[in-house]
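Have a look at the structure below before the remarks.
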Amino acid sequence: MATKNKKSEFISTGLVAQNRRAHFDYLISEKFVAGLELTGTEVKSLRLGHAHITDAYGIVKGEELYMANMFIAEYANKGYASHPEKRDRKLLLKKKEIIDIINSLSRKGTTLVAIRLFFDAHGRAKLEIGLGTGKKNYDKREAIKEREVSRKIRLADY
């Protein structure tokens, strides 16, 4: 039998999942906040914080944008209704933003990356996405050096 969750364990607003490698692997040029087309069990699972977006990326189908490879775990108290854990989920954006993103994705080396998944002040699931170009190894090494230098400076101030 599935375990019963308390009302206080649900996430009503705030961060659900974050892709911490997005800024390390990609140089993010533009960010957008998009809504997601979700089913009921997906929203309930998100409220429990059962999602991973580290492998998620954007794809174009016709004139619409979808997030592929985004993992939302199956809801434990699902009853008869369920959802596939990894499926293409439609992004809800304004038409002008969709056109801008599709035009940017047509350039070589540009990809649409999920940055963070959260619930806004109204309780709606939102996904922050970014247009990024892949970093080379030497760019990643520079980022590591900068992070170490800033850490040493912070520790020296104490």
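The values are calculated or read from the model by the stated rules, or taken from the named source; none is laboratory data. Just so it is clear, the model here is predicted, and its values are computed rather than measured. In this analysis, Cβ positions are derived from the backbone assuming ideal geometry, glycine residues included, and neighbour counts consider all displayed protein chains.
Quick notes on this structure:
- Residues in the stretch 67-114 that are over 23 Å from Thr39 (Cβ atoms) and of a type in the set (A, V, I, L, M, F, W, C): Ile99, Ile101, Ile102, Leu105, Val113.
- Subset of the stretch 20-60 (residues that are touching a Lys or Arg at 6+ places or on another chain (Cβ under 7 Å) and polar (S, T, N, Q)): Thr41, Thr54
- Yes/no for Leu93 being surrounded by 15 or more Cβ atoms within 10 Å (Cβ to Cβ) and more than 12 Å from the chain's Cα centre (by Cα): yes
- Pairs with Cβ under 8 Å, 6+ apart, first in the stretch 125-142 and in contact (Cβ under 8 Å) with a residue 24 or more places away in the chain and more than 16 Å from Leu65 (Cα to Cα), second surrounded by 12 or more Cβ atoms within 10 Å (Cβ to Cβ) and hydroxyl-bearing (Ser, Thr, Tyr): Thr133/Tyr26; Thr133/Thr110; Thr133/Thr111; Gly134/Tyr26; Gly134/Thr111; Lys135/Tyr26
- Yes/no for Ile129 being crowded, with 16+ Cβ neighbours inside 10 Å, part of a helix (DSSP H, G or I) and at pLDDT 85 or above: no
- Selection status of Leu38, buried (at least 16 other Cβ atoms within 10 Å of the Cβ), assigned to a loop (DSSP other than H, G, I, E, B) and under 17 Å from the mean Cα position of the chain (by Cα): yes
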